[in-house]
Amino acid sequence: MRLKNYSFNQRILIGKKILKICKEKKVKFIVNDDPILAKKINADGCHLGQKDMNITKAREIIGNKLIGITCHNSIKLAKAAIKTKANYLAFGAFYSTKTKKVKYKASVDILNKVRKLTNIPIVAIGGINSCNYKNLLLNKANFLAISGYIWNNKKYKPIKAIELLK
């Protein structure tokens, strides 16, 4: 759940509704940037960017739940996240995206290099759609974070966009 322009109380209400859906569908619910909110709504974990709370402090708040770390396009950041026992590593943006401003461009080469360092799951982020997702999976990404293609797609409604990823 990535909601930047909502109050904490609004995010709690929305988060509880999303959590219920996730439990019904048996999928993990990860809160972006906010371990305190993740704990408050009993999410499965949180995702931390490089400017967010550090993983040690987040672990104190949410305990043994999932914590993922943004590593952009950096082996150095990946090694640091591995050392601090992140549950997954996120890299990107792999492609152009309008979801957020892209400061770091990642390539499939980074996926292969990181896979040689660890078996921790790797998440690919940024500009992923029905035309490019398979290349990321073939190059060692375990998971894909897909937002704009699903929610801001001018050609397909969300359900149809998701079906095209199968």
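The values are calculated or read from the model by the stated rules, or taken from the named source; none is laboratory data. What you see is a predicted model, and the numbers here were worked out from it, not measured in a lab. Here the Cβ is made from the backbone with ideal geometry for all residues, glycine too, and neighbour counts use every protein chain on show.
Residues are listed down the side, and each one gets a yes or a no for (1) closer than 17 Å to Arg2 by Cβ; (2) of a type outside the set (Phe, Trp, Tyr); (3) out of contact with any Asp or Glu (no Cβ under 8 Å at 6 or more places or on another chain):
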residue: Asn73; (1), (2), (3): no, yes, yes
residue: Lys76; (1), (2), (3): no, yes, yes
residue: Thr84; (1), (2), (3): no, yes, yes
residue: Phe94; (1), (2), (3): no, no, yes
residue: Thr99; (1), (2), (3): yes, yes, yes
residue: Ser107; (1), (2), (3): no, yes, yes
residue: Ile125; (1), (2), (3): yes, yes, yes
If Pro121 meets every condition in (1) buried (at least 17 other Cβ atoms within 10 Å of the Cβ); (2) out of contact with any His (no Cβ under 8 Å at 6 or more places or on another chain); (3) under 28 Å from Leu37 (Cβ atoms) apart from one, which number is that one?
(1)
Output for the stretch 24-61, where each listed residue is touching a Gly at 6+ places or on another chain (Cβ under 7 Å) and assigned to a helix (DSSP H, G or I)
Leu37, Ala38
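Take Phe143 and decide whether it is of a type outside the set (Val, Ile, Thr) and in contact with a Phe, Trp or Tyr (Cβ under 9 Å, 6 or more places away or on another chain).
Against the criterion (of a type outside the set (Val, Ile, Thr) and in contact with a Phe, Trp or Tyr (Cβ under 9 Å, 6 or more places away or on another chain)), Phe143 qualifies.
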How many residues does the stretch 130-160 hold that are surrounded by 15 or more Cβ atoms within 10 Å (Cβ to Cβ) and under 21 Å from Leu3 (Cα atoms)?
9
Of the numbered conditions (1) farther than 22 Å from Leu89 by Cβ; (2) modelled with pLDDT under 95, Ile146 satisfies every one except a single condition; which is it?
(1)
